């Protein structure tokens, strides 16, 4: 277990929970062959969906790749170094942004009847979809960790190629590919340093 920080005693999460979600959690590069179940994925999403997005947009969309056929469709679009671990991961998920998220706002943001109309301009809508789906991806990764699993997120891939292969509607845009599972043999790279509080915080 990592040594608790000086602020650990002011957080409501237990030290074990802090380690699970943050201090001891790592990006996995190898995975065991233990499967990731549909129940686990549903529990991860059902937890992460409660975290905030702007105007409750919720643009994140998940595509689960379980079959060898689906995985083979993805591999040519990944950087070469990311292909072996993706082939062997129990589950690979494409996380994408729905650029037509505003169609759901009458249900998701009902107290503002005109909310959908605020996003008629494509560029503004796409910016919002990208930003808020990216927020949700971070929440999803924490959800994976909360389930006792490891996540291996990757952005080194041909987004246009992935979109053409999996999202031919033209409105769903891939952002991150994540391998999920129990860590395998030698799963971690050396722990990298982090910037300290005083290096990143400015008080005015």
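Within the range 103-117, which residues are touching a residue at least 12 places away in the same chain (Cβ under 8 Å) and out of contact with any strand residue (DSSP E or B) (no Cβ under 9 Å at 6 or more places or on another chain)? Passing the criteria: 103, 105, 108, 109, 112, 115, 116. Does the range 189-203 contain any residue that is within 26 Å of residue 87 (Cβ to Cβ) and in contact with a strand residue (DSSP E or B) (Cβ under 8 Å, 6 or more places away or on another chain)? So far as the range 189-203 goes, yes, one or more of its residues are within 26 Å of residue 87 (Cβ to Cβ) and in contact with a strand residue (DSSP E or B) (Cβ under 8 Å, 6 or more places away or on another chain). Condition check for residue 97 on (1) within 18 Å of residue 152 (Cα to Cα); (2) surrounded by 15 or more Cβ atoms within 10 Å (Cβ to Cβ); (3) under 15 Å from the mean Cα position of the chain (by Cα): one failure, at (1). Residues of the range 83-92 being within 22 Å of residue 136 (Cβ to Cβ) and either in contact with a helix residue (DSSP H, G or I) (Cβ under 8 Å, 6 or more places away or on another chain) or part of a helix (DSSP H, G or I) (or both), which ones? Correct list: 86, 91, 92. Restricting 146, 129, 151, 115 to those that are surrounded by 12 or more Cβ atoms within 10 Å (Cβ to Cβ), over 29 Å from residue 70 (Cβ atoms) and touching a helix residue (DSSP H, G or I) at 6+ places or on another chain (Cβ under 7 Å) reduces the list to 115.
In this structure, is residue 60 over 16 Å from residue 155 (Cα atoms) and either modelled with pLDDT under 95 or in contact with a helix residue (DSSP H, G or I) (Cβ under 6 Å, 6 or more places away or on another chain) (or both)? So residue 60 fails the test. Among the helices (runs of 4 or more DSSP H) contained in the range 103-204, which hold 2 or more residues that are more than 21 Å from residue 63 (Cβ to Cβ)? By residue number, 105-108, 122-146, 197-200. Which pairs have Cβ atoms under 9 Å, sit 6 or more apart or on different chains, and link a residue in the range 126-154 that is without any contact (Cβ under 8 Å) to a residue 24 or more places away in the chain and on the phi < 0 side of the Ramachandran plot to one that is outside any helix (DSSP H, G or I) and surrounded by fewer than 18 Cβ atoms within 10 Å (Cβ to Cβ)? Filtered contacts from the range 126-154: 138/51.
Across the range 31-62, the qualifying residues are those that are part of a loop (DSSP other than H, G, I, E, B) and touching a strand residue (DSSP E or B) at 6+ places or on another chain (Cβ under 7 Å), and the one among them that is surrounded by the most Cβ atoms within 10 Å (Cβ to Cβ) is 59.
The values are calculated or read from the model by the stated rules, or taken from the named source; none is laboratory data. Since we're looking at a predicted model, the values are computed, not measured. Heads up, the Cβs are rebuilt from the backbone with ideal geometry, glycines too, and the neighbour counts pull from every protein chain shown.
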